[in-house]
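Reviewing the structure listed below.
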Amino acid sequence: MINRSLLLKLLSGLIVFGAWEIAGRVPISYAFPTFLESMAALARMTFDGTIFVAYGETLRPLVVGVAISAVFGIGIGLWIGLSKQFEWLFSPIFIVMQAAPLAALIPILVMIYGIGLTSKVFVVCIMAMPVIVLNTASAVRNTPVSLKEMATSFLAADRDVLLKIILPAASPVIFSGLRLGVSAGFIGAILSELKITPTGVGDIITYSRSIADYPSMYAAIFSIILLAVLFLNLLEKLENILFEGNNRGYVSD
Amino acid sequence: MSQIKPDARQAIPATDSAVSVRNVSKVYGDVQALKDLTLDFPRGELTSLLGPSGCGKTTLLKIIAGLLPATSGEVLINGRAVTGPGPDRSFVFQDFALMPWATVLRNVAFGLELRGVAKSEREAVAEKYIAAVGLAGFEQKYPHQLSGGMRQRVGLARALSVKAEVLLLDEPFSAVDEQTRRKFQEDMLELVQNEKKTFIFVTHSIEEAVYVSDQIAILLPRPSRVSEIIRPASFRDKGVANIRRDPEYLDIVDRIWASLRNYVE
């Protein structure tokens, strides 16, 4: 069965990359390179080290922003989920943050925080935090009542209920919020490099477009997608290790 | 104003009560869930709370458990008033309330874990009760790998492992299939015999209540009150296989149905 799912994954990759190659060879546009050209560019950038230098730039706001969003996002989300007053106070902020068109806010951020790391971290946080907060809050609020009653009836202290019931019960939804938040964080990181100052991967994209080196541009885009997918898979693995019984859903439903 | 009519055929024996409910009322907003309810639960016996839906039987059970506060009146366990959940009571939930992320072993040991019992000790106790409910070999399984009946056995083992004197069961067999339920009911009788505990058993099944109970309290709604207490006398010692065709069993089932039928929508 594992072989079959691996086979299907390979097949789906083959179809997508095959279509890309054909579309590049037709070509559908002068600015659209073939898959093999893009991979060659990626290999070139990997071997001369430019891609690593670029990721050194890009990952800094991304990692800092995602870490801040995860820690504060889960913390604030827990608090919102546990307290009605706190929900009234804070929930609107995150709903507005989630709905706001980020690109329109970037000039304001640049005015306040300049063009350095701070602004970029902010962009990543604005993208990543709301979904983490809102998912955590709703997961906490939807903890099965009977599980909380069970813990209380077996003499659990409030701390036990939070750590041994509410958090593990909410973990699938918290993790799906984290996954969405992390992928939004990737968007934010690239967006900030395209909109604030071209550095890192954003710089490769912008620069190679301006000199019409489309294979390099597509290679950079491809690499960031690949990194995001790998990171999300890693997160899913972590969740499965932490809460083994959870990945088959609730038994009491 | 006595709401309890002793069964004419047998006087209530002078055993002491493990649990006494004294003039308990419960009001939710403007809904009166329980009104001035008084009831005794004899030690070492199984008492059923039986009634149509909405008669407040689960509310009463949760008040006894200390999960809900009573609006007025009090619940005494061995003479001491209940103020919250306590080590003298344990609860079996209708929907099992098992932690899906924990193994059977951890689920069963959870009550002891919350009490701060050391891991090796609590797992030894849990293993003993897992075997007692017939789930030996399933210790490392997760709840989703078990059938409904097996899940409730886990819930039962968890309640037994904390060694509480009073076991509170909230419609424990309503979510399992008919055949499993019959097996459970037979096992219940054995459990009441072997464990020196007081059982309070909420059910909406008349047959189930008559089958397993030493004493049946019939609750009627609007306003909720104890309308009758029935103590089956003769068929308890005739063996599990003969109870269902005993004339007294059938009489009591009929009698209860006659008094409940007007309250069924």
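The values are calculated or read from the model by the stated rules, or taken from the named source; none is laboratory data. Being a predicted model, the structure only gives us computed values, none of them experimental. Because the Cβ atoms are built from the backbone with ideal geometry, glycine has one as well, and the counts that use them run over all protein chains shown.
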I'd like the residue in the stretch A:115-169 that is under 25 Å from the mean Cα position of the chain (by Cα) and within 9 Å of another protein chain (Cβ to nearest Cβ) and, out of all such residues, is surrounded by the most Cβ atoms within 10 Å (Cβ to Cβ). A:169
In the stretch B:149-176, residues that are part of a loop (DSSP other than H, G, I, E, B) and touching a Leu at 6+ places or on another chain (Cβ under 8 Å) total 2
Do we find a residue being under 13 Å from the mean Cα position of the chain (by Cα), within 14 Å of another protein chain (Cβ to nearest Cβ) and in a helix (DSSP H, G or I) anywhere in the stretch B:177-188? no
Hey, can you tell me all the residues within the stretch A:81-114 that are more than 22 Å from the chain's Cα centre (by Cα) and β-branched (Val, Ile, Thr)? A:108, A:110, A:112
Whether any residue in the stretch B:112-119 is in the same structural domain as residue B:141 (by TED's automatic domain parsing), in contact with a strand residue (DSSP E or B) (Cβ under 9 Å, 6 or more places away or on another chain) and not basic (Lys, Arg) is what I want to check. no
Answer yes or no as to whether residue A:33 is free of Cβ contacts under 8 Å to residues at least 60 places away in the same chain and not in a helix (DSSP H, G or I). no
Could you go through the stretch A:183-198 and let me know if any residue there is within 14 Å of chain B (Cβ to nearest Cβ) and either surrounded by fewer than 24 Cβ atoms within 10 Å (Cβ to Cβ) or under 26 Å from residue A:99 (Cα atoms) (or both). no
Criterion first (among the polar types (S, T, N, Q) and surrounded by 18 or more Cβ atoms within 10 Å (Cβ to Cβ)) does residue B:103 satisfy it? yes
From the options A:241, A:165, residue that is assigned to a helix (DSSP H, G or I) and modelled with pLDDT of 90 or more: A:165
Within the stretch A:200-218, work out how many residues are within 22 Å of the chain's Cα centre (by Cα) and crowded, with 22+ Cβ neighbours inside 10 Å. 7
Number of the exception - residue A:22 against (1) within 30 Å of residue A:198 (Cα to Cα); (2) modelled with pLDDT of 90 or more; (3) aliphatic (A, V, I, L, M): (1)
Condition first: out of contact with any helix residue (DSSP H, G or I) (no Cβ under 6 Å at 6 or more places or on another chain) and of a type in the set (Gly, Ala, Ser). Can you find one or more residues in the stretch A:117-131 that meet it? no
Run down A:216, A:171, A:208 and say which single residue is closer than 15 Å to residue A:143 by Cβ, part of a helix (DSSP H, G or I), hydroxyl-bearing (Ser, Thr, Tyr) and touching a helix residue (DSSP H, G or I) at 6+ places or on another chain (Cβ under 8 Å). A:171
Testing residue B:93 on (1) within 7 Å of another protein chain (Cβ to nearest Cβ); (2) free of Cβ contacts under 8 Å to residues at least 24 places away in the same chain, one condition comes back false. Which one is that? (2)
Can you pull out the residues in the stretch A:63-90 that are surrounded by fewer than 17 Cβ atoms within 10 Å (Cβ to Cβ) and among the polar types (S, T, N, Q)? A:83, A:85
Being within 11 Å of chain A (Cβ to nearest Cβ) and either over 20 Å from the mean Cα position of the chain (by Cα) or more than 23 Å from residue B:198 (Cα to Cα) (or both) narrows B:85, B:143 down to just B:143
Among the candidates B:67, B:61, residue that is assigned to a loop (DSSP other than H, G, I, E, B), under 23 Å from residue B:195 (Cβ atoms) and within 14 Å of another protein chain (Cβ to nearest Cβ): B:67
